[in-house]
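Enquirer: I have a structure I would like to understand better, so I am pasting it below and will then ask my questions one at a time.
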Amino acid sequence: MLRIGLLTSGGDCQALNATMRAIVRTLVNRAPEPVEVVGFEDGYQGLIYRRFRMMDPAGFDDVLARGGTILGTSRTPFKRLDIPEADGVDKVAAMKRTYAELGLDCLFMLGGNGSTKTAHRLAREGLRVIALPKTIDNDTWGTDLTFGFTSAVEVATRCIDDIRTTASSHGRVFAVEVMGHKVGWIPLYAAVAGGADACLIPEIPYEIDKVAAAVERRLDAGAACAIVVVAEGAVSRAEVEMPKKEYKRAVAARTSPSVAYDIARELGARTGREVRTAVPGHTQRGGAPDAQDRVFATQCGVEAALGFLEGAHGFMVAQREGRMCRVPLGEVAGRLKRVDPEGDLVREARALGVSFGDE
């Protein structure tokens with residue numbers, strides 16, 4: 001009898017269930033002996049506090065298109081991993097104990113950067129762990145793609161498409177805030193797919209006067225509206241040049257809901273145009289996974305399960321140059337994959353006339 005554990009950690013996304021389905025179906029079809037599935041509820045918290053349930057493999061048959069996670073999820077920050085819980089529980093010791101007491105042969109962890117760092121820590125503590133790259137942000141080092149990303153881009157793009165119709169009707173400028181706190185993959189892809197006029201991402205600090213000039217050029221050329229895609233983590237050149245403590249104070253002193261509102265206000269003041277703000281927010285994490293996410297999530301789950309059956313562990317499943325592979329956890333843990341300001345898609349967007357507010 002093989003007994004495996006499943007947990008989903010960090011923020012949710014659209015293809016978590018599809019990934020777990022692929023793991024379980026592959027093991028049921030390929031394992032030389034029966035498989036028991038232990039599902040941990042609410043991410044690492046379930047592993048810490050023994051909140052789990054035995055899961056019938058047949059129960060995964062109908063979850064391919066279901067968004068969210070049937071196990072629930074939560075955030076257990078890696079930087080607080082060695083700080084006892086409020087009730088005094090030693091997190092790492094508790095997770096090791098639960099793993100041993102349940103007699104797990106492997107733990108499959110679906111999570112992003114912070115969750116992968118915790119998986120690496122557990123692997124160094126002697127647990128057999130396999131990670132699968134979950135994040136809408138597509139910022140996990142070592143893989144070209146993460147599941148959740150293309151679905152989030154689809155939602156953001158659809159928002160831009162819908163905003164364009166009302167913006168065109170009234171001749172307005174819109175600042176559309178897209179998720180991307182530390183990296184700009186979603187806003188970059190959505191800006192290109194949605195035909196935006198400007199795209200402000202964390203990797204390319206903007207100057208508001210240059211954004212305003214780009215908007216004016218677009219409208220003066222006869223466009224019915226202008227769309228500025230703003231990453232939630234967009235930063236100005238002036239902010240980047242601030243000392244770190246001063247920048248934190250400036251952010252803390254903000255009275256607007258988010259950076260997109262600040263940018264909309266400044267654009268309105270500089271252009272004299274009516275500028276509105278739209279924030280799709282957590283809809284970018286919600287709903288059913290798109291076809292690409294279903295395929296990639298399935299590939300990840302299958303490859304993770306096959307790796308386990310081969311006796312491998314301590315790796316993250318990844319895709320590089322179109323091929324599935326295994327990357328050691330130590331290579332990916334704690335590293336972010338950022339947008340290259342000189343990369344192909346940025347270069348191509350500039351050629352289309354998309355402004356990044358830096359030139």
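Enquirer: Subtracting the Cα-Cα distance from 0.36 nm times the residue separation, let me have the gained length for residue 165 to residue 291 in nm, one decimal.
Expert: Length difference between fully extended and current span is 42.8 nm.
Enquirer: A further question follows. Taking H as built 1.01 Å from N, whose amide H comes closer than 5 Å to the amide H of residue 315, not counting residues under 5 places away?
Expert: The answer is 131, 329.
Enquirer: List the residues, sorted by chain then number, that are 5 or more residues from residue 276 or on another chain and whose placed amide H is less than 5 Å from its amide H.
Expert: 173, 174, 175
Enquirer: If you take the square roots of the eigenvalues of the alpha-carbon gyration tensor of segment 173-305 and sort them as a ≥ b ≥ c, do you get rounded (a/c under 1.5), prolate (a/b over b/c) or oblate?
Expert: Since a/c reaches 1.5 but b/c is at least a/b, the shape of segment 173-305 is classed as oblate.
Enquirer: Also, quick follow-up: Among 146, 54, 165, which residue has its Cα furthest toward the positive end of the charge dipole of the chain, with +1 on Lys/Arg Cβ and -1 on Asp/Glu Cβ?
Expert: Toward the positive end, the furthest listed residue is 54.
Enquirer: Moving on. Take peptides 31-44, 331-344 and line them up by average Cβ neighbours within 10 Å, highest first, as a rough protection proxy.
Expert: On the way: 31-44: 18.7, 331-344: 14.9.
Output ranking for 31-44, 331-344: 31-44, 331-344.
Enquirer: Quick one: 3J(HN,Hα) in Hz for segment 73-88, Karplus 6.51/-1.76/1.60 with θ = phi - 60°, rounded, Gly and Pro as x.
Expert: 8, 7, 9, 10, x, 4, 5, 10, 4, 8, 9, x, 4, 4, 8, x
Enquirer: Still on this structure, I have one more. How high is the relative contact order of segment 147-215, in percent, counting Cα pairs under 8 Å that sit 6 or more residues apart?
Expert: 31
Enquirer: Let me ask you something else. Which entries in the list 91/248; 134/244; 134/248; 96/117; 96/337 go over 25 Å, if you measure between the two C-alpha atoms of each?
Expert: 91/248; 134/244; 134/248; 96/337
Enquirer: With +1 on the Cβ of every Lys and Arg and -1 on the Cβ of every Asp and Glu, and nothing else charged, how large is the dipole of segment 13-102 about its Cα centre, in debye rounded to the nearest 20?
Expert: It comes to approximately 260 debye.
Enquirer: If you don't mind, another one. Using only Cα atoms, what Kirkwood radius does the chain have, in angstroms?
Expert: 21.5
Enquirer: In the chain, which whole DSSP H runs stretch at least 20 Å along their own axis (Cα) and average -1.0 or higher on the Kyte-Doolittle scale?
Expert: Values: long enough: 16-30 (21 Å, 0.27); 149-170 (32 Å, 0.01); 291-309 (27 Å, 0.59).
Sorted by number, the helices that extend far enough and score high enough are 16-30, 149-170, 291-309.
Enquirer: Further question on the same structure: Taking the Cα centre of segment 1-156 as origin, work out the dipole magnitude from +1 charges on Lys and Arg Cβ and -1 charges on Asp and Glu Cβ, in debye rounded to 20.
Expert: 320
Enquirer: Assigning unit charges at the beta carbon (Lys, Arg +1; Asp, Glu -1) and nothing else, what dipole magnitude in debye, to the nearest 20, does segment 121-257 show about its Cα centre?
Expert: Roughly 520 debye for segment 121-257.
Enquirer: Another question, if that's okay. Taking amide H atoms as placed 1.01 Å from N in the peptide plane, list the residues 5 or more away in sequence, or in a different chain, whose amide H sits under 5 Å from that of residue 141.
Expert: Result for residue 141 returns 335, 337.
Enquirer: Under the 0.36 nm per residue contour assumption, what length would be gained going from the current alpha-carbon distance of residue 105 and residue 244 to full extension? Write out the running numbers ahead of the final one.
Expert: Details: separation 139, 0.36 × 139 = 50.04 nm, distance 4.49 nm.
Gain in length upon complete extension: 45.5 nm.
Enquirer: Just want the answer: with Cβ charges of +1 for Lys and Arg and -1 for Asp and Glu, which residue in 355, 299, 126 is farthest toward the dipole's positive end in the chain?
Expert: Comparing the listed Cα positions along the dipole, 126 ranks first.
Enquirer: Obtain the radius of gyration and the Kirkwood radius of segment 111-217 from its C-alpha atoms and give Rg over Rh.
Expert: Using only Cα positions, Rg/Rh for segment 111-217 is 1.13.
Enquirer: Divide by every residue of the chain the summed helix terms, -39500 (n - 2.57) for each DSSP H run of at least 4, and state the resulting mean residue ellipticity at 222 nm, rounded to the nearest 500 deg cm²/dmol.
Expert: -12500 deg cm²/dmol
Enquirer: Find the relative contact order for the chain and round it to a whole percent, using C-alpha pairs within less than 8 Å whose residues are 6+ positions apart. Provide the component values of the computation, followed by the final result.
Expert: Details: 791 pairs, mean separation 83.8, N = 359.
Here the relative contact order equals 23 percent.
Enquirer: At what distance in nm do the modelled label points of residue 256 and residue 28 sit from each other, each positioned 7 Å from its Cα along Cα→Cβ?
Expert: Modelled inter-label distance: 5.1 nm.
Enquirer: Once you have a ≥ b ≥ c as the square roots of the Cα gyration tensor eigenvalues for segment 181-220, tell me rounded if a/c is under 1.5, and otherwise prolate or oblate according to whether a/b is larger than b/c. Don't skip to the answer; put the middle values down first.
Expert: On the way: a/c = 4.58, a/b = 1.39, b/c = 3.30.
Note, shape of segment 181-220 comes out oblate.
Enquirer: Ok, one more. Identify which of 225, 199, 300 has the largest mean-square fluctuation in a Gaussian network model of the chain, with springs joining Cα atoms closer than 10 Å.
Expert: Looking only at 225, 199, 300, the largest GNM fluctuation is found for 225.
Enquirer: Let's test the formula: R0 of 35 Å, r as the Cβ-Cβ distance of residue 144 and residue 53. What FRET efficiency results, to the nearest 0.05? Don't skip to the answer; put the middle values down first.
Expert: Numbers: r = 34 Å, r/R0 = 0.98.
Computed FRET efficiency for residue 144 and residue 53: 0.55.
Enquirer: Once neighbouring chains are kept in place and the probe is 1.4 Å, which whole percent of the accessible area of the chain is contributed by carbon and sulfur?
Expert: 48
The values are calculated or read from the model by the stated rules, or taken from the named source; none is laboratory data. The model shown is predicted, which means the values in this text are computed figures rather than measured ones. Quick reminder, even Gly has a Cβ in these numbers, built from the backbone with ideal geometry, and neighbours come from all protein chains shown. Remember, those area values only see protein heavy atoms, side chains included, never the ligands or the DNA or RNA. Shrake-Rupley method; radii C 1.70, N 1.55, O 1.52, S 1.80 Å.
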